[in-house]
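A.B. asks: Handing you a structure now.
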Amino acid sequence: MKSFGTKYGFPPSQAAHTVYCQTLLYADAVTRAGSFAPCAVVEALEGFEFDGLGNGATLYRAEDHQCFKDVLVVRGKENPTSEFDLLEIVEVTPAAQVTYPADHPMFAGGSLGSCNNGA
C-alpha cells in the first residue's frame, strides 16, 4: 500500500485495499492449489492462516469459512493531521475473544454441504 501512496500521493480507499488483498489471496490460493477449479481453491483457503492485511494474523476457518483476526476498536481523532488521519486505535480485541464455535446455533451451526465446481 505504500507504493500506491508514493505513486498517487494518498492512501488507497478501504474498498481498494480490500479488493487488492482479496486478489492476492485468490492468486495465492490458485497457486497453492495448482488449479483454478473452485473446489481446489476452497481447499487451499480452508484453514489458511496469513498475515498481511495490516492488522495481524488472520485465519479462514475450514469448518465454516469464517474469517477471524484481531478486531481494532477505533475512535475518531479530535485533531486529525490530514483528511486521511481520521482514526486512532483505542483497543485491539484478540481474535480468541471474538471466535465462536463453528457449530454455534446462533450462526446456523450446520454443514456447508459439498463443493460444486459449477457447470
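Throughout, read-outs are computed from the coordinates displayed, never taken from laboratory work. If you're wondering where the values come from, they're calculated on a predicted model, not measured in any experiment. Every residue, glycine as well, gets a Cβ built from its backbone with ideal geometry; the counts of neighbours run over all protein chains shown.
A.B. asks: Obtain the nm distance between the two label points defined at Ser111 and Val98 by a simple spin-label model: each point lies 7 Å from its Cα along the Cα-to-C-beta direction.
C.D. replies: According to this spin-label approximation, the distance is 3.1 nm.
A.B. asks: Given just the C-alpha atoms of segment 53-99, how large is their convex hull per residue in cubic angstrom?
C.D. replies: 88 Å³
A.B. asks: Another question, then. For each cysteine in the chain, check whether another cysteine's C-beta sits under 4.7 Å from its C-beta; list those where none does.
C.D. replies: Cys with no partner Cβ under 4.7 Å: Cys21, Cys67.
A.B. asks: Averaging sequence separations of C-alpha pairs under 8 Å and six or more residues apart, then dividing by the length of segment 57-119, give the relative contact order as a whole percent.
C.D. replies: It comes to 28 percent, rounded to a whole number.
A.B. asks: Just name one of Gly47, Asn116, His65: the one whose Cα is farthest towards the positive end of the charge dipole of the chain (beta-carbon charges, Lys/Arg +1, Asp/Glu -1).
C.D. replies: Positive-most Cα among the choices belongs to Asn116.
A.B. asks: If packing is taken as the average count of other Cβ atoms within 10 Å, what order do 42-51, 11-20 fall into, highest mean first?
C.D. replies: Output ranking for 42-51, 11-20: 42-51, 11-20.
A.B. asks: Next question. Tilt of helix 14-33 relative to the longest C-alpha principal axis of the chain, in degrees (0 to 90, nearest 10)?
C.D. replies: 30 degrees
A.B. asks: If all Cα-Cα distances of segment 1-110 are sorted into 5 Å bins from 0 onward, what percent lands in each bin, rounded to whole numbers?
C.D. replies: Once binned at 5 Å, the Cα pair distances of segment 1-110 give 2, 10, 14, 18, 17, 17, 11, 7, 4, 1.
A.B. asks: OK, next. With a point put 7 Å past each Cα toward its Cβ, work out how far Leu72 is from Ser35 in nm, to one decimal.
C.D. replies: Output for this residue pair reads 3.7 nm.
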